[in-house]
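Okay, structure first, notes after.
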Amino acid sequence: MSENEQNQIRDAIGQAINENEVILFMKGTPDAPACGFSARTVAALQSLQAPFAAVDVLPDPRIREELSAISQWPTIPQLFVKGELVGGCDIVMEMYESGELAQTLGVAVASP
Amino acid sequence: MPQAEEIKQRIEAAIPGASAEVEDWTGGGDHFKATVTAAAFVGRSRIEQHRLVYEIFGAEIGGPIHALSLKTQSPQ
């Protein structure tokens, strides 16, 4: 891969993170997640009815390489809110259960 | 192929004073679940705590270790 191509992918990822308030990098799509960890993270966001952008990292392995270089985070999924890495599946689920995720996303939690 | 016991020992060796419980999540030797308790986590965000553990394994995460599910906590 040329350095130029690599930079283009990195810039595109950086731009996507900055332009979308909530963005999830995942394996597969929200409708058809390709990994259990991505599926659980999508389900948590959907159950809070939080709007989010999603990027499938599977079509090109370079997306994942460049994303991990930017975020210093080795695994997928990765959730970003307002340009900051919130975490992967474990952290998102922990925050979902504690109510912190709703707070971070700025959504009201429906009473049970 | 890494085993749960080996992962536990590597975490405990790399983070001074850490205690780890590691289980092989699927029995397949590539999905692990770890609960790590360490004084080194005090004052660090969850992201930083998880990074400390992930750093031990570097490129093995996503490679031979397909997934390492983490729960980190400070000692009570």
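Just a few scattered comments:
- With a 10 Å cut-off around each Cβ of A:71-82, the average count of Cβ atoms from other chains is 3.
- Chain A: angle of helix A:61-71 to the longest principal axis, Cα-based, in degrees nearest 10: 70
- C-alpha long axis of helix B:46-57 to longest principal axis of chain B, angle in °: 50
- Shielding by partners for peptide B:40-50, expressed as the average number of C-beta atoms from other protein chains within 10 Å of each residue's C-beta, is 2.
- When only the Cβ of Lys, Arg, Asp and Glu is charged (+1, +1, -1, -1), the dipole of chain B relative to its Cα centre reaches about 340 debye.
- In this calculation the C-beta distance from A:ASN7 to A:SER98 is compared with R0 = 30 Å, giving a FRET efficiency of 0.20.
- Anisotropy class of the protein assembly as shown from Cα gyration tensor, a/c 1.5 cut: oblate
- In degrees, nearest ten, helix A:89-98 long axis to first principal axis of chain A (Cα): 20
- Between the listed residues B:PRO64, B:PRO75, B:PHE32, the Cα displaced farthest toward the positive end of the dipole of chain B, a dipole computed from Cβ unit charges relative to the Cα centre, is found at B:PRO75.
- Charge dipole of chain A (Cα centre as origin; +1 on each Lys and Arg Cβ, -1 on each Asp and Glu Cβ, all else neutral): 180 debye, rounded to the nearest 20.
- Size of charge dipole - the protein assembly as shown - debye, nearest 20, with Cβ of Lys, Arg +1 and Asp, Glu -1, no other charges: 300
- Gain on full extension, evaluated as 0.36 nm per residue between B:SER74 and B:GLN3 minus their Cα-Cα distance, stands at 23.1 nm.
- Using a Förster distance of 25 Å, the FRET efficiency for A:ARG40-A:ALA16 (Cβ separation, nearest 0.05): 0.70
Taken together, the values in this text are just the output of simple stated rules run on the coordinates, not laboratory data. Because the structure is a prediction, the values reported are computed rather than measured. So basically every Cβ, Gly included, is an ideal-geometry build from the backbone, and we count neighbours across all protein chains shown.
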